[in-house]
Each structure stands twice: as C-alpha cells, then as structure tokens.
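The structure appears below as structure tokens.
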Amino acid sequence: MVIVFVLLALFAAGGLYSALAVRRYTVRSEKLSAPARLAVVSDLHAQRYGSGMRPLIRAIEAEKPDLVIFTGDLFSNFDHDAPVEELLRGLGGRWPCYYVTGNHECWSGDEGFLRKMAMLEENGVKKLSGALETVTAGGARFNVGGVDDPDAKRVCCAMGGYDGFAAQLDRVREGAENGLFTVFVAHRPEMIGEYAAKGFDLILCGHAHGGQWRIPGLLNGVFAPGQGLFPRYAGGLYERGGSTMIVSRGLLQCARGLPRFYNRPELVIVDIAPEKKEREKGTP
Ligand SMILES: [Fe+2]
C-alpha cells in the first residue's frame, strides 16, 4: 500500500514539474542548400519568466538561432504587457524576429491591439499579415510567410487594410512560388488542411498548449481550443501531403489557474537543413 502511494506521489510530482524545456526538431529539404536554426516562441500569454525575462532570453541565446519566430498569443488579451516588452527588448535587434497574431491579441480591443502592435514595431519585430519575405540566414536562403489569426476580423478597423484570412493565405502562397523552401507561420494547427493545400514546406503553429494534460506515450493532450477533447494536433510534428507541421506546446505555465501535467512549457528549436544525399551504389 505504501509503495502504491509513493509511486502515485512520484507520478504526480513528475507530471507537475514545469521547468522550461527545449524541444528540438530537424526538417530536411532538397530545396535548402545550407542549414539554419529557428527559435519558436509560442503562446507566452505575457507569462513572466524571471526578472527581465532573463531565463527565457538566456535559453534562446544558448541555442544561437538565426531567426526568432512568434506563433501568436505572445500577449494576453488583458492589459498586462510588461513581460512581453522586456522579452522583446532582449530579443529585438539581436535576431530577425517574425510574428503572427493569435486569438488573444485579436481579443484585446482596438486600443489594446494597436498598443501591442506598436510595441512589436518599436522592437524591430516584423508582423506577417499575409506577407512573405525571402531571408538569408545561417547561409540558407528561404521564405518566411504568415497570416493573422482568423479572429483578426474583430480588430479589422484597427488593422486598417485587413482583407481576410483566405486572401492573406493566397498572398503568402503566391509569394512562395519562387520555389524556395517556405516556412509558413499561423497560430491555429487545426487548420492544417488549408495550409498544406498551399504546399508550404514547413508550417509552425501553437494555440493548443499541448492539450494541457498529457501522459507521454499514452495520451498526447486532453483538450485544446478549436479541437476539443483529445486533440489530434496538441503538440509535436505532423506530416500532411508534402508539408511538415510543428506545433509548439507553448510557454504559458498555467491556464485559468490549472497546472499542466506532463506538459512542460517549451521553447521549440527547429533546424532546417539540406536533404542528405544518398550515396550512389558502389560508392565506398
Ligand atoms: Fe491561442
């Protein structure tokens, strides 16, 4: 009986351990001629990570990324932006930074939304609203494009020329016709079908928070917004057609006061690299 109790206590303690994790993926493509490293910051929800956000900034620094990509819900929809400002001051200007909105930025009202977007701009973070850029980083040349969260329609007045999710998606696809490896950034993973139909090579998303509660090897998430119970895209790497989607489990530690379970907040590192060429037959 005592042994059962001890084992249950150890299982619970392991599940509630919530130190920042670094999760790594490698995606290879013949379209790439050199490797590059992307640091993916997702669903921070203005969570504080120590004084000056230094533990998170140091974790990113240690990975020596070529680019930092924010996949939405960097802010909360409340007026609580100081941790984000500290993070952006620590990152902006040191690395090229790209951002797409999540639903929470779009739920901030016009005034709050504009204040958050101004903070991004002041710190040199580029907002991808149906835009695509060709970047050279780490010796690699590739595209980075992205779309606003579909809830951007709630702040369309503040956004000015918002022409809708579908139009943004089409603009990114048109930009990607240059044939380079394309990194596509959007907040919601459950729309994988729409992204993959456009033929993007790598899709980066967040939003699902890892389904908040997991049992590794048995259950990859209990609930995610937009997907409901036992979400298919709670976190990890997924293939659809010729596209690879990586879903970050995000950085917010507790949602609505509920702790995560076997679901540590994570900084995602994605190495993109040239496809390894198979040796020709007979080559020693
Ligand atoms: Fe979200």
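The numbers here are math on the coordinates, done by the rules we state, and not lab data. Because the structure is predicted, anything quoted here is derived from the model rather than measured. All Cβ positions, even for glycine, are placed from backbone atoms using ideal geometry, and neighbour counts span all protein chains on display.
Quick rundown of the values:
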{"item": "The chain: relative contact order as a whole-number percent, Cα under 8 Å and 6+ apart", "result": "26"}
{"item": "Compactness relative to 2.2 N^0.38 Å, alpha carbon Rg of the chain", "result": "1.02"}
{"item": "Estimated FRET transfer efficiency (Lys276, Ala167; beta-carbon r; R0 45 Å; 0.05)", "result": "0.75"}
{"item": "Most to least packed among 172-181, 64-73, 203-212 [average Cβ atoms within 10 Å]", "result": "203-212, 64-73, 172-181"}
{"item": "Calculated [θ] (222 nm, deg cm²/dmol) that DSSP helices of n ≥ 4 give over the chain, each run adding -39,500 (n - 2.57)", "result": "-7500 deg cm²/dmol"}
{"item": "Proximal aspartates and glutamates relative to Lys198, as straight alpha-carbon distance under 20 Å, when same-chain residues fewer than 8 apart are discounted", "result": "Glu30, Glu133, Asp148, Asp149, Asp163, Asp170, Glu174, Glu177, Glu190, Glu239"}
{"item": "Cross-link pairs Lys116/Lys276; Lys31/Lys127; Lys126/Lys153; Lys126/Lys276; Lys64/Lys116; Lys31/Lys64 - those with Cα-Cα distance over 30 Å", "result": "Lys116/Lys276; Lys126/Lys276"}
{"item": "Environment charge at Phe261 (Cβ cut-off 13 Å; Lys +1, Arg +1, Asp -1, Glu -1)", "result": "+4"}
{"item": "Residues Asp43, Asp79, sorted so that the one with the fewest Cβ neighbours within 10 Å comes first", "result": "Asp79, Asp43"}
{"item": "Under-5 Å amide H pairs with Ala131, H placed in peptide plane, nonlocal only", "result": "Gly146"}
